[in-house]
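I have placed the structure first, in the form of structure tokens, so that the comments after it can refer back to it.
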Amino acid sequence: MRLLALPRNLGFGSGSNAGIREARNDIVVLLNSDMRVAADFLHPLLDGFADEKVFAVSCQIFFSDPTNSGKRPA
């Protein structure tokens, strides 16, 4: 892992784009700062790249608070 210090908060999208531009590996993992993951979360995702036609993979998200659907109030 490498830390990229930015001059200001660019938000998740622009900050991710800046990080991806600086990445030196074939695979980049994006996680929001409030995500909690299991210790073994990465291996199943990497398995998806065994097929050279695969560009991106994603995973199922489970909310620790079942009353929180992830939707923001209107």
*asked:* For Rg and Dmax of the Cα atoms in Å, pick the label among (1) 14.9, 41; (2) 17.7, 62; (3) 11.7, 33 that corresponds to the value derived from the coordinates.
replied: (1)
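Counting chymotrypsin sites (Phe, Trp or Tyr not before Pro) as exposed when in a DSSP loop with at most 11 other beta carbons within 10 Å, what is the longest stretch of the chain free of them? Intermediate results must be reported in sequence, preceding the final value.
On the way: sites that count: PHE55, PHE62, PHE63.
No qualifying site falls inside 1-54, the longest such stretch.
Taking the Cα centre as origin and putting +1 on Lys and Arg beta-carbons and -1 on Asp and Glu beta-carbons, what dipole magnitude results for the chain, to the nearest 20 debye? Walk me through the numbers on the way to the answer.
Values: 8 positive and 8 negative charges, 86 e Å.
The calculation lands at about 420 debye.
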*At VAL57 and ALA38, where each label point lies 7 Å from the Cα along Cα→Cβ, what is the point-to-point distance in nanometres?*
1.4
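List the trypsin sites (Lys or Arg not before Pro) within the range 1-69 that fall in a DSSP loop (any state other than H, G, I, E or B) and whose Cβ has at most 11 other Cβ atoms within 10 Å. Intermediate results must be reported in sequence, preceding the final value.
On the way: sites: ARG2, ARG8, ARG21, ARG24, ARG36, LYS53; in loops: ARG2, ARG8, ARG24, ARG36, LYS53.
When the trypsin sites (Lys or Arg not before Pro) of the range 1-69 are filtered for loop state and at most 11 Cβ neighbours within 10 Å, ARG2, ARG8, ARG24, ARG36, LYS53 remain.
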*asked:* Assuming 0.36 nm per residue, please report the length gained on full extension of the stretch SER14 to LEU30 beyond their Cα-Cα distance.
replied: 4.5 nm
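Quick note: the coordinates plus some simple rules give every number you see, no bench work behind them. Note that the structure is a prediction, hence the values are computed from the model and not measured. For neighbour counting, all protein chains shown are included, and Cβ atoms are generated from backbone atoms with ideal geometry for every residue, glycine included.
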